[in-house]
Amino acid sequence: MDPIQTANLLHTRRQLFNRSAVGLGTLALSSLLSERTLAEASEFPSFAPKAKRVIYLLQSGAPSQMDLYDYKPHLKDRFATDLPDSIRQGQRLTGMTSKQDRFPVAPSMFEFSRHGSSGMRFSELIPHTASIADDICVIRSMHTQAINHDPAITFFQTGAQLAGRPSMGAWLSYGLGSENDNLPTFVSMVSGSGGQPLYDRLWGSGFLPTQHQGIKFRSVGDSVLFLSNPAGLTNSTRRRFLDDLSKLNHKKLIDVGDPEIATRMSQYELAYRMQTSVPELTDLSHESKETFELYGEDAKVPGTYASNCLLARRLAERDVRFIQLFHRGWDQHTNLPRDIRKQAAATDQASAGLIRDLKQRGMLDDTLVVWAGEFGRTVYCQGTLTKNNYGRDHHPRCFSIWLAGGGIKGGMTYGTTDEFSYNILENPVHVHDLHATMLHCLGIDHKKLTFKFQGRHYRLTDVHGNVVRSILT
Amino acid sequence: MYLNSAVPFPFLSIPFLLVASTSHLLAEGELDFVRDIRPILSDTCFQCHGPDEDKRQADLRLDLELPARADLDGNPLITSGDLEKSELYLRVTSSDPDLQMPPPTSDRQLTSIQKELIKQWIKRGANWESHWAFSPPLRPTLPEVANSIWPKNGIDHFILRRLEKEGLSVSPASEKRTLIRRVTLDLTGLPPTPAEVNDFLADDSPRAYERVVDRLLKSPRYGEHMAGEWLDVARYADTSGYQNDGPREMWRWRDWVINAFNDNKRFDEFTIEQIAGDMLPNATLSQQIATGFNRNHRGNAEGGIIPEEFQVEYVVDRVETTATVWLGLTLGCARCHDHKYDPFSQAEFYQFYALFNNIPEHGRAVKEGNSPPYISAPTHTQQQRLNEMEERLQELSREVKRNEPALREALTKWESENNSDKPFDSLIDDGLVRAFSFEETPSGFVDGQPEFAKHGDGQAVVFDGQRHLVAGDVANFGYFDKFSFSFWVNPTSNERGTIVSRMEDVHRSSGYSIRLTNGGIAVDLVKRWLDDSIRVETVDAMIPTETWSHVAVTYDGSRVAAGIRVFVDGVLQSQQVNLDYINQSFAADDAPLRIGAGHGVDGRFSGMIDELRIYEKELTPAEVKILSEPVTVAEILKIRRNLRTTTQFEKLRYWYLRTHAPQRIQEVFIQHRNSQRELQQYQESLPTVMVMQELKERRPTFILKRGEYDKPGGEVTPGIPDALVPQKESISDRLTLARWLVAPSNPLTARVTVNRLWQQIFGTGIVKTSEDFGSQGALPTHPELLDWLATELIRLDWDLKAFLKLVVLSSTYQQSSVITENHIKLDPENRLLARSPRLRLTARMLRDQALLVSGLLQERRGGPSVKPYQPDGLWKEIATTTNYEQSTGPDLYRRSLYTYWKRTVAPPNMAIFDAAGREMCVVRSSRTNTPLQALAVMNDITFLEAARVLAERAFREAEADHLARINHAFLLATARFPDREELKILAEAYEHHLVNFQNNLDAATALISHGDSELKHRLDKAELAAMTIVTSTILNLDEVINKE
């Protein structure tokens, strides 16, 4: 066969953001042709998916469940009393509070009320979220094993506490590939200043080929690194540049016959298309007044959570597979009432607005939305306790998250915790279970999505995970 | 039979496999247990019938021959040649769900081809071989080949033999230009210069190429290139990796690696020094620095972590890294349970772990800087300077001593000549930040009107348990700052009361305080009271009530409790440490200095305070003594000489020395003091490096159930798995381990090492899974070649330069990389090497090449990391508190191995090109081809500036016309001249862009202004801009991005 023809045949399957069922993007030629990668990931979705894509609203720092979702009315009577040993059960605490003389109960100072047809309760901090009660499923019995931010958020993102494993989005990119030729498969966005730092590994590809890593959209400078032509180099100059480059590379391809050259040529063209498609995507100027009312005025300010939520919808419209927002600032060890107000105000409307927007556009049915932190917070107070001021330490044993959209039953709560929101009473949901459930919504059996590395067939869910069927439609 | 990844051998038949029937295939092929059967058993059966004792079902074991051939009560698993008497066959072909193996519920199922293979294997006698990698390599004889002219050395015999067998022919030798670019990139990480290319072209001798290779191996660039690769393996970084990802300092270890490669330190020594250099007899500084290898793992400094949890992770990281790098083993898989595939028990994992679990470390890492144990590691130049400074100080000390009699004589003379009744005093003023003598009323009293009482010649301030002084933004010390406080105190109650503080006025809030507690003095340097602070209190000191005491507190900025000293009446107090763990600065930027208060309303002081002096230095004991002397200098002068106390004399002497002593004596005193200070500052500025050390008393190691830090099981002694060495008892510590790693009896190290070097040169190892030589790993494409190379490396006395020379001198290496139709059809992965590989340059090579060809490269070797271009705000965006302070000047253009590596936010133009992330050991990276890479080479300022400077260089070095300039730039980047067609494309491009830029000079100006380097020549802007587009095109050429 003519090398160019061969190359053309091959490279059509080999673009980074390709359509191929295997999502293998641009592995080196060798790997593409090798039997293994195909065998490991060719069968997805393996059953009819409910969701085609995911928008994951990660609330970094760990929101306090008993100040937002997990209503504990009896705690008011126990203000400043010691957390009973029968509840505490000697479980491990972080080094920040383990040496406290006392563990006094800090009831939430916020009012809760009933919402939606199921009458689930929300705190006064999140009225907008409360207004979409019928669309979301609140899990109150989420739990994890990590007790500090870095291992905990890494665990949520990759199914392991330590660095090295692929992130959720990378797994999906690997398993499902892309539906959009001109945009990445996996996009992450960051908002919220201060708070806990984030890390490349949270959207990294671990041991998967690196093209599966998430592309971080930035709110300052180029939204994708190195996207813009430099000052002094116009679009038409770039076009001419690419045409010349293409001629020279094409000549090389004929001379040496390496199909990788054809791939590189197509990657340069794709890069050129991204120079148009990405700015078009991030340009919110044509969004309607009604839309901004939905997400809040903040949405007009690049880099805010609200703006990122709106961008998430635009990415979803363009069939980007996995869209992940990271919003920082929930780590309220002290002055929780003051800080959680700000934090809720910055996120509540836009989170709810996103759900409404997706719904009104008919996209909620095939978009899975997840709102979750990396763990919860303690019922006992860290630092000084007064009626109107308290702090809470990390608490991995129970916390609340919510899901909505593709495959999820709206208007329900799942799982219960004890009177102190300290232990789970029924229906525990582990991080692995959440992952298994998310993959299920996407038509993937979490036990089947594997990649062989260091002799093991690795999974996002390691050797664990059960699909939480009760919350599925 | 070709569905398993671990079966690279018969891939040539893949195209046929898709159409051919199984029986046809088998009839043609030879069945090989290692190649065809063991991988099936390993991948499908070992999980339940393998080495893991806990998970083993039905007491059946298929990873070893003996148990696999067991009789099993008359139902033997395998009966050679008899399918009906082979339970294995019956089970895997059964359709009864109760009998079927693997069970229908298993994730791993056998394909019909695999079943057929098992059938054929049993029919043909079911021969068995143990896993190849655990027996030491035996040196094979060189195979016979038909084409006896082609082989240049042993490598070629093995490669050619296989090609001949598969019906492939070798490629012609590369053109000289291609070859010299390839070998220069491979051995130095940089392309050749035109002069080097010309020299090679001009050299017609048969040894021309070998001379090039010898020159390259002597180049110090070789060591830098090899070190870069080793940094990936060793997960080297400039930050600690978890959460806030604070800085650390390991570049002295990097320098060690560069030097080791350049000095061609034999790989066995290279190994021993890195694993156990500290344990060698009379270990040198260099040998200690080498052990930094095993401290390059991440360290967790997050507040509130449970240190024991992460101390385990550090040890596990060392085990996994060591096992991967030297042994090619996934030993980490035996952390939670016995290994599923390889014969390593969980207990053996912890024996290996015990070898690395004996260092005096703490699970919570230091947030800013190195975590213990670390050592001062001056460079050679620094050590020389240090010696000079020490000599100078000694000299001055001797001079001070010599001056002493003269000083005393002068003082006596002065006393006899001067006589005054004027009261005065003199205290220590050196480093004084602020003194509160309370002779006048300072502003800032709150909760009551100021009150004073007489004290000595002047007055002291009086506090009543409520009233205190808010003294403003004074003494904002943090944990790196040296400081001291000196004051007189006379309390009404000595139970409690804060004398001085800078913190939010809340009980136990963050900041610092000096307070009374149970009659003694407590010093608190606090970020978080419970877990992030240094808190000490005196043990025996008694600050009596209604009596004046002098107190001094000094801190040396060392961030440890031992750095705090408390003196009462000039006497150093022993102290009890309540907490000695601080990881963040305690500086309370927003709080004022308070006198008489701190820790809220219950922390107020009652009594008198006087002469509070604050210093931004650590007072010496002698200085404290002087400060604690209540008698003024004027009064001391009145005391008869023989009645003065020693302290009084010292105070007087100190005053006299600084005010009235003969000039020469004063000068020496000042020089001595400065010299002391300079030496101390210099010592503190010296680089440190984290190293391995052994605890005197061995830390016991326990099996951790499920691998969890808080679930210890039985205790184990240090050792290594039985399967690797029969006499495991001889390996009892890191040093014996290190020596065993490079012992000739070790089955793995040499194979794993040559394989990784092979991978570095050819893109893929002979064993593709260079990280896994175990049961689940890929089989070698050329097992005999692998063993020949391994034994050759040992025969060469572990000489890496000699080994690499062998590789690049082979005909195999020197082939053309042109890909033919046949190659694509028969060997698309190029595992058989019928051609030289054509591979994209690594991230480092790509950037370094652009710097070299443009002339921007700054070749300073070694030293601290530098921060080249990076898009603004990248760190701040996700890492919150840290800012990337980009380097300036030459440091923008150093080789990429010196680029500052922040683990949680890797340098983007490295990460985009698949650079290892440095969070963990990586021995094999992917090699992708993405649009982000295209964007980077087109638009990243690194490459853009290089294009502009390359354009300038073309103008400078090729003056004739633009064709000559294009030719020259092309030559610099590719080692060849463009052909007529290429030149035409580029020349027309130049002409096109030139017109554009001439019509838009602003654009031209903008384009040639990117980057910090200045335009060196006055060139026509439009011409330079147009040439910059051309040179950028050249830097983006596939040929330039690849080695051919």
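The values are calculated or read from the model by the stated rules, or taken from the named source; none is laboratory data. All values reported here derive from a predicted model rather than from experimental measurement. With ideal geometry, Cβ positions are generated from the backbone for all residues, glycine too; neighbour counts draw on all protein chains shown.
Residues in segment A:275-309 that are among the polar types (S, T, N, Q) and assigned to a helix (DSSP H, G or I) were compared, and the one that is surrounded by the fewest Cβ atoms within 10 Å (Cβ to Cβ) is A:THR276.
Table: residues versus (1) over 14 Å from B:ILE595 (Cβ atoms); (2) among the aliphatic types (A, V, I, L, M); (3) in a loop (DSSP other than H, G, I, E, B).
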{"residue": "B:LEU411", "(1), (2), (3)": "yes, yes, no"}
{"residue": "B:ASP429", "(1), (2), (3)": "yes, no, yes"}
{"residue": "B:GLN449", "(1), (2), (3)": "yes, no, yes"}
{"residue": "B:VAL461", "(1), (2), (3)": "no, yes, no"}
{"residue": "B:SER484", "(1), (2), (3)": "yes, no, no"}
{"residue": "B:SER493", "(1), (2), (3)": "yes, no, yes"}
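Selection within segment B:289-324: residues that are touching a strand residue (DSSP E or B) at 6+ places or on another chain (Cβ under 6 Å) and of a type outside the set (Gly, Ala, Ser). The member of this set that is nearest to B:GLN243 (Cα to Cα) is B:ARG298. Considering only residues in segment B:333-345 that are in contact (Cβ under 8 Å) with a residue 60 or more places away in the chain, touching a helix residue (DSSP H, G or I) at 6+ places or on another chain (Cβ under 7 Å) and buried (at least 24 other Cβ atoms within 10 Å of the Cβ), the one that is nearest to the other protein chains (Cβ to nearest Cβ) turns out to be B:TYR341.
In the set B:ARG980, B:ARG924, only one residue is touching a Ser or Thr at 6+ places or on another chain (Cβ under 6 Å), surrounded by fewer than 23 Cβ atoms within 10 Å (Cβ to Cβ), more than 9 Å from chain A (Cβ to nearest Cβ) and on the phi < 0 side of the Ramachandran plot; that residue is B:ARG924. The lone criterion from (1) within 24 Å of A:ARG264 (Cβ to Cβ); (2) surrounded by fewer than 23 Cβ atoms within 10 Å (Cβ to Cβ); (3) within 9 Å of chain A (Cβ to nearest Cβ) left unmet by B:THR882 is number (1).
For (1) away from chain A (no Cβ under 14 Å); (2) under 17 Å from B:ARG434 (Cα atoms), each residue gets a yes or a no:
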site: B:SER486; (1), (2): yes, yes
site: B:ASN490; (1), (2): yes, no
site: B:ASN494; (1), (2): yes, no
site: B:ILE514; (1), (2): yes, yes
site: B:ARG528; (1), (2): no, no
site: B:LEU572; (1), (2): yes, no
site: B:GLN576; (1), (2): yes, no
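Taking the condition surrounded by fewer than 22 Cβ atoms within 10 Å (Cβ to Cβ) and either basic (Lys, Arg) or over 27 Å from B:ALA723 (Cα atoms) (or both), does B:GLU313 pass? For B:GLU313, the condition - surrounded by fewer than 22 Cβ atoms within 10 Å (Cβ to Cβ) and either basic (Lys, Arg) or over 27 Å from B:ALA723 (Cα atoms) (or both) - is not met.
Taking segment B:790-844 and the helices (runs of 4 or more DSSP H) fully enclosed by it, the elements with 3 or more residues that are at pLDDT 95 or above are at B:800-809, B:811-814. Pairs linking a residue in segment B:415-443 that is over 27 Å from B:ASP481 (Cα atoms) to a residue that is hydrophobic (A, V, I, L, M, F, W, C), with Cβ atoms under 7 Å and 6 or more positions apart or on different chains, are B:GLU415/B:LEU637; B:LYS422/B:ALA634; B:PRO423/B:ALA634; B:PHE424/B:VAL633; B:PHE424/B:ALA634; B:ASP425/B:VAL633; B:ASP425/B:ALA634.
Yes/no matrix, rows are residues, columns are (1) within 30 Å of A:PHE451 (Cα to Cα); (2) in contact with a Ser or Thr (Cβ under 8 Å, 6 or more places away or on another chain); (3) at pLDDT below 95:
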site: A:MET120; (1), (2), (3): no, yes, no
site: A:HIS128; (1), (2), (3): no, yes, no
site: A:THR144; (1), (2), (3): yes, no, no
site: A:ALA163; (1), (2), (3): yes, yes, yes
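If we scan segment A:108-118, do we find a residue that is out of contact with any Ser or Thr (no Cβ under 6 Å at 6 or more places or on another chain) and either aromatic (Phe, Trp, Tyr) or surrounded by 24 or more Cβ atoms within 10 Å (Cβ to Cβ) (or both)?
yes
A Cβ distance below 6 Å, combined with a sequence gap of six or more or placement on separate chains, defines the contacts here; from segment B:879-895, residues that are outside the structural domain of B:TYR242 (by TED's automatic domain parsing) reach residues that are part of a loop (DSSP other than H, G, I, E, B) and aliphatic (A, V, I, L, M) in the pairs B:ALA879/B:VAL905; B:TYR893/B:LEU856; B:TYR893/B:LEU857.
Looking at this structure, is A:GLY221 over 30 Å from A:LEU460 (Cα atoms) and at pLDDT below 95? Yes, satisfied.
In the list B:THR379, B:THR321, B:THR330, which residue meets the criterion of being under 27 Å from B:GLN680 (Cβ atoms), in contact with a Lys or Arg (Cβ under 8 Å, 6 or more places away or on another chain) and in contact (Cβ under 8 Å) with a residue 60 or more places away in the chain?
Unique residue meeting the criteria: B:THR379.
Cβ-Cβ distance below 6 Å, separation of 6 or more or different chains: which pairs start in segment A:210-231 with a residue that is more than 7 Å from chain B (Cβ to nearest Cβ) and end on one that is surrounded by 22 or more Cβ atoms within 10 Å (Cβ to Cβ) and assigned to a helix (DSSP H, G or I)? Correct list of pairs: A:HIS212/A:ALA170; A:HIS212/A:SER173; A:HIS212/A:TYR174; A:GLN213/A:ALA170; A:GLY214/A:GLY169; A:GLY214/A:TRP203. Looking at B:ALA597, B:ALA562, just one residue is modelled with pLDDT of 95 or more, within 30 Å of B:PRO373 (Cβ to Cβ) and not in a strand (DSSP E or B), and that residue is B:ALA562.
If the condition is being within 14 Å of another protein chain (Cβ to nearest Cβ) and surrounded by fewer than 18 Cβ atoms within 10 Å (Cβ to Cβ), then segment B:1003-1014 contributes B:THR1005, B:ALA1006, B:SER1009.
Looking at segment A:196-231, which of its residues are of a type in the set (Gly, Ala, Ser) and either touching a strand residue (DSSP E or B) at 6+ places or on another chain (Cβ under 6 Å) or surrounded by fewer than 22 Cβ atoms within 10 Å (Cβ to Cβ) (or both)?
A:GLY214, A:SER219, A:GLY221, A:SER223, A:SER228, A:ALA231
The requirement of being surrounded by 19 or more Cβ atoms within 10 Å (Cβ to Cβ) and more than 30 Å from B:VAL526 (Cβ to Cβ) is satisfied by B:GLU629. Residue count for segment B:98-119 under the criterion of being in contact with a His (Cβ under 8 Å, 6 or more places away or on another chain) and without any contact (Cβ under 8 Å) to a residue 24 or more places away in the chain: the result is 1.
Residue check: B:PRO137 meets all listed conditions (1) closer than 30 Å to B:PRO744 by Cβ; (2) free of Cβ contacts under 8 Å to residues at least 60 places away in the same chain but one, namely (2). Mind counting the residues in segment B:934-969 that are more than 10 Å from chain A (Cβ to nearest Cβ), aromatic (Phe, Trp, Tyr) and buried (at least 22 other Cβ atoms within 10 Å of the Cβ)? Here the count works out to 0. Any residue at all in segment B:488-498 that is closer than 30 Å to B:VAL366 by Cα and within 42 Å of the chain's Cα centre (by Cα)? Checked segment B:488-498: no residue is closer than 30 Å to B:VAL366 by Cα and within 42 Å of the chain's Cα centre (by Cα). Looking across segment B:885-921 at every residue that is within 22 Å of A:ASP222 (Cα to Cα) and hydroxyl-bearing (Ser, Thr, Tyr), the one that is surrounded by the most Cβ atoms within 10 Å (Cβ to Cβ) is identified as B:THR904.
Taking the criterion of being surrounded by fewer than 20 Cβ atoms within 10 Å (Cβ to Cβ) and within 7 Å of chain B (Cβ to nearest Cβ), the only residue of segment A:250-274 that qualifies is A:LYS251.
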